Structure formats: structure tokens, C-alpha cells
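I have placed the structure first, in the form of C-alpha cells, so that the comments after it can refer back to it.
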Amino acid sequence: MVNKGEKLKLDLHTHIWEASSFETPSIDTAYKVINQCKKIGIDGIAITDHDHAHPDLLKISFEYYKIFTKHFPNEIVVFPGREIELHMKHDYFQTYEVGEFMLPNGKLFRNYCHPGHPSQQIEINHIQSIEVNNSIHNWHINKNQVYELADKHNLILTEVSDAHDINDIGKNYIEIPLEDLLSSGIDLNKLQIQGWENHRSI
Ligand SMILES: [Zn+2]
């Protein structure tokens, strides 16, 4: 159980489906993920596999969510989601990646992934957090620029593993009260985000 105001250690960028070599979501993989979280000492993860890896990636992610909640209730916090590539408004050929996942209150949370990659330009559009530390992408994150953007757009700073291997989950994480995420998410009834039409709650 999560008490109000209690800080959680969360890794908000993981690829657990890819880490299982794209196998059908299984209790076995979920168990391994939980073991890794316990071993490294984090409270939960967002599942953000690449959207282009499956025609209905969110279905996979929500299947995992169901396995975690049904077979391992209250072991870790899990937010089902995906990582998508977006085109910049001012220049279609510039792209950036966003991890988006559903919170327990049905709101959508969007994390700007590895700013500076692929595009060196940065566009903030319906974003709640931005990565300042990514285990595999730090070489192109301009931290001072990220701090300025976070300040300007009131973004939460995230530190993530971007794990593509189960043993890498939790290598980075942030400590944050769940309330802070819940209160900053996007209301999908007010803002249409493509792909979430059939996923309005968890
Ligand atoms: Zn990623």
C-alpha cells in the first residue's frame, strides 16, 4: 500500500517486453522484473516499450499490467505505457521520443526521453517531465539546458534506466510522492492523445 505523501523510488523508462525478447507477456518475466526491483531497491516502474515494435503496443503493456496486479498484487507499482516518436511541429523531419504511461487515476503522464536525441532541438508539448539522467543516453543530454527547460515549463526532472535488459531496471530512478505524478497528469477526456482512445483506465 502507498501512503499519501510517501516518496516512491520509480524508474519511469523501461523496456521489459524487449528485455524478454518480445515474448508473450508472462508471469515468469513479471516475476523477474519484480525480483530485479526488489534487489535494486525500487518501488516501481513505467513500462515504455517502443511503440513501433508492435501494431498494438499498448495492448502488450496493459497485459503486463494485468499480470502484475493479478499475480503479484502490491509488490511493485506499475504504470503501463509506451515510448513513441513524435515529429516537431515546426519541422517534420526533426523527431523526438516521449514515454507516455497511465497513472492509477486514469491520467496520462508524458516523459521527454533523452533530450538531444534523435533531434538536438527540443520541443515541449504536453509534457510533464524530462530526463536529465538516462543510463544509456547521457552523452547527448545537455544538463544545463534541461534544467532551464524544466524550470521554464514546470517539468519534473527524471532519472531513468531506459533498461532493455531486466538486470538494468532501476539503475536510475527518482524519488517522488505518487501524489506529485497524479496531480500533474493529462486528463484524456479533455485532451485527445492518439492511441489512448481504448485505454481510459487501469
Ligand atoms: Zn527507451
Whole Å is fine, so just give me how far the alpha carbon centre of the range 140-201 lies from that of the range 77-137.
-> 7
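Between beta-carbons, use under 12 Å as the cut-off and find the net charge around Gly185, counting Lys and Arg +1, Asp and Glu -1.
Values: positive: Lys107, Arg110, Lys190; negative: Glu100, Glu179, Asp180, Asp187.
That sum, taken over residues with Cβ under 12 Å, equals -1.
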At a Förster distance of 22 Å, what's the computed FRET efficiency of Asp151 paired with Ala53, Cβ-Cβ distance as r, to 0.05?
-> 0.05
The extension gain from Asn35 to His126, computed as 0.36 nm times the residue separation minus the Cα-Cα distance, is 29.4 nm
Fraction in percent of alpha-carbon pairs per bin - 5 Å, the range 126-202 | 3, 13, 18, 19, 19, 19, 8, 1
Would you kindly give the portion of the calculated P(r) for the range 7-184 that falls above 29 Å, as a percent of all Cα pairs?
-> 15
Descending packing, highest mean Cβ count within 10 Å first, for 126-134, 175-183 is 126-134, 175-183
If you put +1 on each Lys and Arg Cβ and -1 on each Asp and Glu Cβ, how big is the dipole of the chain around its Cα centre, in Debye rounded to 20?
-> 500
What is the antiparallel percent of DSSP beta bridges lying wholly in the chain, to the nearest 5?
-> 50
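Every number here is computed from the coordinates shown, using simple stated rules; none is lab data. Worth saying up front: this structure is predicted, and the values here are computed from it rather than measured. In this analysis, Cβ positions are derived from the backbone assuming ideal geometry, glycine residues included, and neighbour counts consider all displayed protein chains.
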